[in-house]
1. Could you please let me know if Ile88 is under 21 Å from the mean Cα position of the chain (by Cα), part of a helix (DSSP H, G or I), aliphatic (A, V, I, L, M) and more than 20 Å from Leu227 (Cβ to Cβ)?
2. What about Gly196, is it part of a loop (DSSP other than H, G, I, E, B), in the same structural domain as Gly161 (by TED's automatic domain parsing) and not hydrophobic (A, V, I, L, M, F, W, C)?
3. Can you tell me which residues in the range 19-45 are more than 25 Å from Glu61 (Cα to Cα) and exposed (fewer than 10 other Cβ atoms within 10 Å of the Cβ)?
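The values are calculated or read from the model by the stated rules, or taken from the named source; none is laboratory data. Owing to the predicted nature of the structure, the values given are computational and were not obtained by experimental measurement. Every residue, glycine among them, receives a Cβ derived from its backbone with ideal geometry; neighbour counts consider all protein chains shown.
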Amino acid sequence: MLVRKKQVKSLLLYILTVLFLLWAIAPFFWTISTSFKNIGEIYSTSPTLIPKNITIDNYSEIFNKLDFFRYFLNSMFVTITTIIITVILSILAAYAFSRFRFPFRHILLMFILVPRIIPSVTRIIPLYQIFAKLNILDNYFSLIGPYVADALPIAVWILIGFFDGIPKVLEEAAMIDGCTRMQALKKVIIPLTAPGIVSVALFTFLRAWNEFVIAFTFIDKGKMMTLPVAHYRVFEFF
């Protein structure tokens, strides 16, 4: 009897899981299905789940008007560069905060979070004016710089937690064996904090890849657009 109750419970749980999964993927399926419909069927008063006449005209029109491959490469370059710079700077900064005791350490540690307190939208106009005077708008740096500055504070705090969890005796032993401090950091500390570094990389990737407001404001040249801005530009054609 107990076994039967467990089977019924498992079956109900399985059914609920399947229903939730169908509910979650339904919008994606509807979006993809709609993209293969013609204009008349899209605006029909009798919507269909499966296109009656499958067409790729919508995709052809978009890719003919917008160079999505170029925008994809722009996003990849900006995002990867942002990740590399953020990871390197956050490792060095977090290691310094974790291992060294210097004056005003705690104040400085709190100060680096100040940019996160200020809404990013309020920083756009001052940044735009500064970049315009420096003549660095409409290039990759005008995106990479703000993206690194945005991700770096959280990245440093994440890695400080990982560095603090590693016993100092491990790097001290490496230094006794002949390693310099930087070699101990590279060969001992960094491999042990790989999960934290991956977390920082993923966090930075999501921030840089999906960012829209700065890219839309600072980039005016069409060939420099990133994918989020290109997706927005699609609506100008319809």
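1. Details: under 21 Å from the mean Cα position of the chain (by Cα): yes; part of a helix (DSSP H, G or I): yes; aliphatic (A, V, I, L, M): yes; more than 20 Å from Leu227 (Cβ to Cβ): yes.
Answer is yes for this residue.
2. Working: part of a loop (DSSP other than H, G, I, E, B): no; in the same structural domain as Gly161 (by TED's automatic domain parsing): yes; not hydrophobic (A, V, I, L, M, F, W, C): yes.
It is false that Gly196 is part of a loop (DSSP other than H, G, I, E, B), in the same structural domain as Gly161 (by TED's automatic domain parsing) and not hydrophobic (A, V, I, L, M, F, W, C).
3. Of the range 19-45, the ones more than 25 Å from Glu61 (Cα to Cα) are 19-26.
Correct list: Trp23, Ala24.
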